[in-house]
Amino acid sequence: MDRTITVTGRGRVSVAPDTAEVRLGVVATRPTVADARQAAAGISTRVLAALRAAGVDPADIQTESLAVQPEYEYEPSGPRLKGQQVAHRYAITVRDLSALGAVIDDALAAGASTLDGVAFSHREPMELERQARIAAMADARSRAELLATEGGVALGAVLSIAEGDGGAPPRPLPMAKLAMAEVAPTPVEAGSVEVEAAVTVVFAIA
């Protein structure tokens, strides 16, 4: 019969985020693909210039997709081609969160027509994971010591350690809370970024 105590420890680290990723797009519909492409290109040029003027590094602006598709109007007699739609979608990394609201406002004012979300993260995910694992190991030992004490035995050496389902990188908030107003700047609540770790530890009973 094995004389062991097996426990699962969990650790969590919660910190304020320091980076945001904004996803926005430019959509233009015109009678022909050439007209739609030219219109979307002009709007995108203004949006990108506004982002740079707001302090976003060009290296932090990435084109995610370019798409062309027909747009239809549906009538009783059947669908009718309305025009051609060209869409540009961008992912923008904002490293100064105090400027995030202004970045969003300036991009929309310059012609961005879609805002798909704001996700928050931390620049040092590896360090946060390390801290969460340390907390998980401390929790595992605390649980094992309690069980050993209540069981009237002495806790021995660690026999094995297996990482559980934790240790994931910081999970971004699915959507920032944006409060749009006609003239007021867009307030954005960053909330917090959490990292969780779990470990299963087997201790010997001394």
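The values are calculated or read from the model by the stated rules, or taken from the named source; none is laboratory data. This one's a predicted model, so the numbers in the text were calculated from it and none came from an experiment. Methodologically, a virtual Cβ is constructed for each residue, glycine included, from the backbone with ideal geometry; neighbour enumeration extends over all protein chains shown. Ligands, DNA and RNA are excluded from the accessible area calculation, which covers all protein heavy atoms including side chains. Shrake-Rupley method; radii C 1.70, N 1.55, O 1.52, S 1.80 Å.
Got a number for carbon plus sulfur as a percent of the chain's accessible area, 1.4 Å probe?
Numbers: 6240 of 11710 Å².
Roughly 53 percent, rounded to a whole number.
Where in segment 120-149 does the label zone of Leu97 land, with the point 7 angstrom along Cα→C-beta and an amide N cut-off under 14 Å?
120-125
Normalized C-alpha radius of gyration of the chain, against 2.2 N^0.38 Å? Can you show the working numbers first?
Working: Rg = 26.0 Å, N = 206, 2.2 N^0.38 = 16.7 Å.
For the chain, the normalised Cα radius of gyration comes out at 1.56.
Take the chain, mark every one of the trypsin sites (Lys or Arg not before Pro) that falls in a DSSP loop and has at most 16 other Cβ within 10 Å, then report the longest stretch left between them, sites excluded. Provide the component values of the computation, followed by the final result.
On the way: sites that count: Arg3, Arg95, Arg123.
That gives 4-94 as the longest site-free run.
Compute the acute angle (0 to 90°) between the alpha-carbon long axis of helix 33-53 and the principal axis of greatest extent of the alpha-carbon atoms of the chain; round to the nearest 10°.
Helix 33-53 sits at roughly 60 degrees to that axis.
222 nm [θ] for the chain, helices only, -39500 (n - 2.57) per DSSP H run of 4+, per residue, to 500? Don't skip to the end; give the middle numbers.
Details: 3 runs with 58 residues, N = 206.
Value at 222 nm, helices only, nearest 500: -9500 deg cm²/dmol.
Counting heavy atoms of the protein chains only and a 1.4 Å probe, report the per residue accessible area for the chain as a whole number of Å². Walk me through the intermediate numbers first.
On the way: 11710 Å² over 206 residues.
Averaged over the residues of the chain, the accessible area is 57 Å².
Can you run phi through the Karplus equation (6.51, -1.76, 1.60; θ = phi - 60°) for segment 55-64 and list ³J(HN,Hα) in whole Hz, with x for Gly and Pro?
After applying 6.51 cos²θ - 1.76 cosθ + 1.60, I find x, 7, 5, x, 5, 9, 10, 10, 6, 8 Hz.
How would you classify segment 57-138 from its alpha-carbon gyration tensor, with a ≥ b ≥ c the square roots of the eigenvalues: rounded for a/c under 1.5, else prolate if a/b is greater than b/c, otherwise oblate? If you can, show how the numbers build up before the last one.
Numbers: a/c = 3.53, a/b = 2.23, b/c = 1.59.
Judged from the Cα gyration tensor, segment 57-138 comes out prolate (a/c at least 1.5, a/b above b/c).
Report the calculated FRET efficiency for Arg12 and Gln38 (r = Cβ-Cβ distance, R0 = 30 Å), to the nearest 0.05. Walk me through the numbers before you get to the answer.
Values: r = 51 Å, r/R0 = 1.71.
The value I calculate is 0.05.
³J(HN,Hα) across segment 137-150 via Karplus (A = 6.51, B = -1.76, C = 1.60, θ = phi - 60°), whole Hz, x for Gly/Pro?
Going residue by residue, I get 5, 5, 5, 4, 5, 4, 5, 5, 4, 5, 5, 5, 4, 5 Hz, with x marking Gly and Pro.
Which whole-Hz couplings ³J(HN,Hα) result when phi for each residue of segment 83-99 is put into the Karplus expression 6.51 cos²θ - 1.76 cosθ + 1.60, θ = phi - 60°, listed in order with x for Gly and Pro?
x, 10, 10, 10, 10, 10, 10, 10, 10, 10, 8, 10, 9, 10, 5, 5, 9
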